[in-house]
Amino acid sequence: IGSVSVEEAIQKRIEMFKSSKANIKKLRRLIRSGDTSEAVPLADFHVAWSKEMPMLFPLGSEASTSNRSDASSDIWNNPIGFKNAVAKYKLKSRELQKSLRSGVSVSINETFKSFAGTCKGCHKQFRN
């Protein structure tokens, strides 16, 4: 990402979270239909996003009335908690990748549920 302005970081992360949401809906649909081969690249997106995400929360990019951000100040007040939440998302994204490649449906369903739970948990704690 390099050096981007706070506003650019906010806009990029808003775009990425929208992509992530659409991606998860598609993943859910593909997993339910049993089409795991089409789902693998979608899991790849989440692994990549988990690596990029922390860089898109520079100091000063918390929610305000002017920037459309939903980022809670808890991200900066509890940076270790935020870092741990992103690390858990990365771990569960990788587990989902591996599970999808294995093709074992029971494992895929459980892994997807665990993966999706990391998103919900992080949003509950770190999103306004």
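Worth pointing out:
- Charges were assigned to the Cβ only: +1 to each Lys and Arg, -1 to each Asp and Glu. The resulting dipole of region 44-128 about its Cα centre is roughly 240 debye.
- Using alpha-carbon coordinates, inclination of helix 79-102 to the longest axis of the chain, degrees: 20 degrees
- Solvent-accessible heavy-atom area per residue, rounded to whole Å², over the chain at 1.4 Å: 59 Å²
- Within the chain, the proportion of C-alpha pairs whose separation exceeds 27 Å stands at 22%.
- Projecting the Cα atoms of Ser61, Ser50, Ser37 onto the charge dipole of region 17-93, computed from C-beta unit charges around the Cα centre, puts Ser37 farthest toward the positive end.
- The chain, accessible surface, carbon-and-sulfur percent (1.4 angstrom probe): 53 percent
- Computed over the chain, the per-residue total of -39500 (n - 2.57) for DSSP H runs of n ≥ 4 gives a 222 nm mean residue ellipticity of -25500 deg cm²/dmol, rounded to 500.
- Near Ser50: Cβ cut-off under 14 Å, other residues only, Lys/Arg at +1 and Asp/Glu at -1. The net charge is +4.
- Candidate residues Ile80, Ile75: accessible-area rank, largest first, probe 1.4 Å: Ile80, Ile75
- For Asp70, no residue has an amide H sitting under 5 Å from its own, ignoring neighbours fewer than 5 places away on the same chain, with H placed 1.01 Å from N.
The values are calculated or read from the model by the stated rules, or taken from the named source; none is laboratory data. No experiment lies behind these values; they were computed from the predicted model shown. Backbone-built Cβ (ideal geometry, glycine too); neighbour counts: all protein chains shown. Accessible surface areas use protein heavy atoms only, side chains included; no ligands, DNA or RNA. Shrake-Rupley method; radii C 1.70, N 1.55, O 1.52, S 1.80 Å.
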